[in-house]
Each structure stands twice: as structure tokens, then as C-alpha cells.
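Let me begin by presenting the structure, written as C-alpha cells, before commenting on it.
Read the figures in this text as sums done on the coordinates, not as results from a lab. Owing to the predicted nature of the structure, the values given are computational and were not obtained by experimental measurement. Glycine also receives a Cβ, built like all others from the backbone with ideal geometry; neighbour counts cover every protein chain displayed.
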Amino acid sequence: MTTPKLPIFMDYHSTTPVDPRVLEAMLPYFTEKFGNAASRSHSFGWTAEEAVDVARENIAKLIGASSEKEIVFTSGASESDNLAIKGVAEFYKDKGNHIITSVIEHKAVLDSCKRLEKEGCEVTYLPVAKDGRVDPQAVQNAMTEKTILVSIMLANNEIGTVQPLEEIGKITRARGVLFHTDAVQGVGKIDFDVQKMNVDLASITAHKMYGPKGVGALYVRRSKPRVRLVAQMDGGGHERGNRSGTLNVPAIVGFGKAAEIAMKERPEEAARLLKLRERLRNKIQSSMDEVYLNGSLEHRLPGNLNLSFAFVEGEAMMMAIKDVAVSSGSACTSASLEPSYVLRALGVGDDLAHSSIRFGLGRFTTEEEVDYVAKLVVEKATHLRNMSPLYEMHKEGIDLKSVQWTAH
Amino acid sequence: MAYSEKVIDHAENPRNVGTLDKSDPNVGTGLVGAPACGDVMRLQIKVSDGGVIEDAKFKTFGCGSAIASSSLATEWLKGKTLEEAEKIKNVDIVNELNLPPVKIHCSVLAQDAIKSAIDDFRAKQAARRSEKPEAQTK
């Protein structure tokens, strides 16, 4: 086997490289086409505005929006999540103050909800099943007269689990409750259609879909129902008053181009990634015992693989495969020293949460890379197990759960 | 987070990985930490009749800094008397490996492991001494 070019990037959930076609589309908007899209009185401004409108249309098409006017540009998905949740809570505060979300949402959603709780909102955090999915019936059951918003992500960033948005959308629509989704990880990778799923607000970002960092969007439905927001930033009233600030034209152009490419290439790309993901999983799981898949296999992003290598600590594993960029739910990789809250929510024990590795495959992942990574991972995990006291105890038949450990 | 060269060296080429016979009366075993916390260290020492540590082995479940801390500890333990070994403090490990603040607990665990192995050895010796006189009186 030949060695692919190192280092290998297998962390496509964290970010993605800008597609060369995207970069090419962006470049003129840094130099000769540098106008401010809000300049209404000269050609520089018109050129910029036209380019922004094309991007808006491409993004609207990608998510099934009925009008490009429903796309509000932001600095990224964290801002979109904040704007959606806080903006809705503020606008509809006379109607109610109850929000339903899930425990495995991104921090931008969870922390926006926490802030609203301090301001008098009530938030229900729904649990997920062992497969990492929210039960739509639980959404139904959590509804009260005061519920104004349900926020459930399209796909999880750690375990790639795809949520039943279509079922949840039926429930929210029937109750007349607004439905927001953080669609960041799924847009351009799996089916996502705001009409079919009855989504009223959706957060997306360019850099997870081969566009540039620093630009995102919030889809805000304009009819049936018309969603209203209170802007969270004051200024020139850009984006129909929803988000003030001069538009980042080159990045928006890139975002639009990335959406256009995703629209065209998604089916083929998803099939290719699924095949590669399964190749990686099968190669690892057939070579080693006690390797566990976290989250549903069936309802999963094609490029996501999240495995726990029992008796091996995640950060040590990442260090051992240092030429491969992956991520871990181990506490040691976080400043808080707490293992992943997502894995905990699935009921994965803390020991296995510490042993988790997330592989994120994407557009530029090759079969050669997958084979190299599979072999390296098996070799290094075996090596680390040979120096793990837990593995030795396990092999001796000791039940690790029966041992009195000294928590520290 | 960037690792220091010494941490990388120990994590990639750990010294003294292995297992000593824990039923050997001259072997002391320390097992500290917890899987749920992401760190478990087992450190073993073999002590000569003269009270000198002849051999030391470890196995660690933990991050690179935890592996490096225990690897370094086994290196330092060899050739020391128990009294000298007891003087190894976690700050010595922190300084030697340039551990960042977030990894200091790894060095604390290594110090605990040393203490636990020494305690185990002494407990075994004490148990042996208390058995022997009994055997003589019969």
C-alpha cells in the first residue's frame, strides 16, 4: 500500500477546505468588484448586490425555500442560531415563553436557550434515545399552551445522527408552533427541504460545505406562516431589518457557489462518502474487538463515523495517529475536562466517551486515505491497548465495573 | 494543544511498559484513577531485600501526558530506595515534562501511583513479618 500525502484531514465536521471552484468565484469580489451591496447609487454597488442576489437564490434553492428573500446572511451558524432563538423569543413573548429543544444540540442553541431561561423563558431539553435520535412523540408531549418554538438540529456534529425533522415538522405545524433547525451539518449532504419538513427557520454556514469561514445564513419563512424576528444587532437595517452590518460580499458569493455545487453533486458525493465511511468502519471493526459505533448507523450523515475504542483513551489515540486529523469526545481534548455531553446523552458511559474518536470524511477524502487510516488506527489502538491496564484486566476476565475506582 | 518534546518522546517511546508478578512479595502494585475520569495508572515496583527499587513497570489508560508522567516515574524510580522514591513530587514531573496547567492532574496521579505502589509493598512486607513469628511459635 502506498502512503498518501500526510497529514490527512479527516475532520470534515469541524470545517472544510474551500473548493477551488468556490475560491475562483470569490476572487473578483475582493478586488475589481469590491462594491458595497448596500450602495444603491452606483454600478459598484449594483454589481455587488447582483452577485449577492445570485448567491441568495442558489442557497434558497438548495434548501427548498420558496423565495430568495427568505435568506438572511449572518457571520455564521452560531449567529444564525442566536438570531433565530432569541429573535423569536423576543418577538413572540406575548404569545408564550416556552421553547423545546434537545440535549444534544450545538452549544449555540443550548446556550442561547440558557440565556433565555435567565430572562424568564422556560425551556424543555428533550433526551435522545440510545441511537441519538429525538422521539417526535416527545416533542408532541412537551408542548404546552405557552410553546412558541421548537429547535431540533438536522444532523448532529459529533455522531452524525440525522433527526426525524419531517415528523417533528408535522407536529409543530399542526400546533402552530415555529420550528427552527440548526441544519449546519446536514445541508448539502443529506435531504433537506424546508417545505417538505415544515421548517420555519434554519441555520446554515458556508464553511461546512466547502465555502469560506465567516459567513452563514438564517432561513426565515415569509409565508404560511410569516416568521417575525427581533433583530439582535442594531445598525443600518440590512437584510430586511433582520441583521445589520455590511454584507461580506466575496464570502457570500463563495457561499452561493458552494450551494450551487452541493445542489449538483450531492447525490453522487453522498454515495461515494457512504461507501468510504463503511469501508473505514468495516476495516476497523473486523480487525479489532470492543470497538463500538456511537449513534444510529441507519440515520447518519454519510461522512460521519464515531467509534469508541474501549480501553484506549481518545487523546492518546489522536496523538498516536498524529498525521491524521480527527477529533475525540475525550475530556482531555476539552478545556472543561468533561467528556462529550452528546455521548453522555446517548447513555454511552464516561469510560467509552473518553475513548471516542470522530472521523469526518468529505469531498476530498480518497480511498487510499481511508485504507491508510484504517490500518494506522488498528495498529495504534492495539499498541495502546497493550499498554492499558484496563485491557489487561479485561483480558483476565475482571469486570471493570465491579472495581472500586478512586475518582479524582 | 501543543505537547512538549519530552511528552511526545515518552508517549511515542514509553519506557518500562509491562507487568510484574503482583503475587511476588517483593512487588508493590499501585492502581489509581478511574476509567470514567479518563485516567487509570498501574505502577509496579520490585524492591530488593536491601530496600532498593530494582525494577519498575507501568501500564496507563490515559492521554499522552498521563502516559508520559507514568513512563517518567518508572525511569526515576529505578535504583532509588523507598525513602528516596517517596520524595518524588508531582511538581518534579510537571517541570521535567513541561506539563501545561490543564495536565497537572496527570502528574498528581503519577505521584499517587508511586505512593500506592510503595504502600502496597510495605503492607505486603508487614503481613509477611506478622506471619513469620506465628510460624516459628508453632
* 14 Å tail of the calculated P(r), region A:1-40, as % of Cα pairs -> 69
* Where the only charges are on Cβ atoms (+1 Lys, Arg; -1 Asp, Glu), what is the dipole of chain A about its Cα centre, to the nearest 20 debye? -> 900
* Work out Dmax and Rg for region A:176-248 from the C-alpha atoms and quote the Rg first, both in angstrom. => 13.3, 36
* Asked: Hey, if you drop one equal point scatterer on each alpha-carbon of the protein assembly as shown and run the Debye formula without solvent, what base-10 log of I(q)/I(0) do you get at q = 0.06, 0.09 Å⁻¹?
  -> -0.38, -0.75
* Structure fact -> Net charge near A:Val194 (other residues with Cβ under 9 Å of its Cβ; Lys, Arg +1; Asp, Glu -1) is -1
* What is the P(r) of region A:131-179, as percent of Cα-Cα pairs per 10 Å bin from 0? -> 27, 53, 19, 1
* Based on the Kirkwood radius over alpha-carbon pairs, what value in µm²/s does the Stokes-Einstein equation return for the translational diffusion coefficient of region A:19-177 at 20 °C and 1.002 mPa s? -> 118
* Structure fact -> region A:10-91: spread of alpha-carbon positions along the three principal axes, whole Å, largest first, is 40, 39, 22
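So for region A:204-309, Kirkwood radius off the Cα pairs, Stokes-Einstein at 37 °C and 0.692 mPa s: how many µm² s⁻¹?
Numbers: Rh = 17.3 Å.
This corresponds to a translational diffusion coefficient of 190 µm²/s.
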* **Anchor A:Lys401: aspartates and glutamates whose Cα lies under 19 Å away (excluding residues fewer than 8 positions away in-chain)** => A:Asp289, A:Glu290, A:Glu313, A:Asp350, A:Asp351, A:Glu392, B:Asp39
* To do: Please determine, in degrees from 0 to 90 and to the nearest 10, the orientation of helix A:43-63 with respect to the longest principal axis defined by the Cα atoms of chain A, where the helix direction is its Cα long axis.
  => 50
* **Where labels lie 7 Å past Cα in the beta-carbon direction, separation of B:Lys6 and A:Glu265 in nm** => 4.8
* For region A:148-304, give the magnitude of the charge dipole about the Cα centre (Cβ charges: +1 Lys/Arg, -1 Asp/Glu; no others), in debye to the nearest 20. => 460
* **Simple spin-label estimate for B:Thr81 and A:Lys375 in nanometres, 7 Å along Cα-Cβ** => 5.4
* Structure fact -> Relative to chain A, whose Cα atoms define the longest principal axis, helix A:77-91 and its Cα axis are tilted in degrees, nearest 10, by 60
* Just A:Leu390, A:Leu229, A:Leu343 to compare: in a GNM of chain A, with alpha carbon springs under 10 Å, which one fluctuates most? -> A:Leu390
* Structure fact -> Other residues with Cβ under 15 Å from the Cβ of A:Glu117 give, with Lys and Arg +1 and Asp and Glu -1, a net charge of +2
* To do: Can you tell me the 0 to 90 degree angle between the C-alpha axis of helix A:367-386 and the longest principal axis of chain A, rounded to 10?
  => 50
* Asked: What does the convex hull of the alpha-carbon atoms of region A:49-106 project to on average, in nm²?
  -> 5.5
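To make sure I understand, if each residue's beta carbon is the centre and we count other beta carbons within 10 Å, what order do A:His98, A:His207, A:His13 fall in, fewest to most? Before the final figure, lay out the partial values.
Values: A:His98 19, A:His207 23, A:His13 26.
Ranked by crowding around the Cβ, least crowded first: A:His98, A:His207, A:His13.
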* **region A:141-197 versus region A:40-91: alpha-carbon centroid distance in Å** => 20
* For chain B, state the average projected area of the convex hull of the C-alpha atoms over all orientations, rounded to one decimal in nm². => 8.8
* Which residue, B:Arg128, B:Arg15, B:Arg42, has the most motion in a Gaussian network model of chain B that connects Cα atoms within less than 10 Å? -> B:Arg128
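Give the relative contact order (percent, whole number) for chain A; include only Cα pairs under 8 Å separated by 6+ residues.
Numbers: 806 pairs, mean separation 86.1, N = 408.
Over chain A, the number comes to 21 percent.
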* Structure fact -> Checked against the positive end of the charge dipole of chain B (+1 on Cβ of Lys and Arg, -1 on Cβ of Asp and Glu, about the Cα centre), the farthest of B:Asn16, B:Ala126, B:Val102 is B:Ala126
* To do: For chain A, set up a Gaussian network in which alpha carbons nearer than 10 Å are linked by springs, and say which option among A:Phe364, A:Phe73, A:Phe311 fluctuates the most.
  => A:Phe364
* Asked: Which value, in Å to one decimal place, does the Kirkwood hydrodynamic radius take for region A:86-201 when every pair of different Cα atoms is included?
  -> 14.1
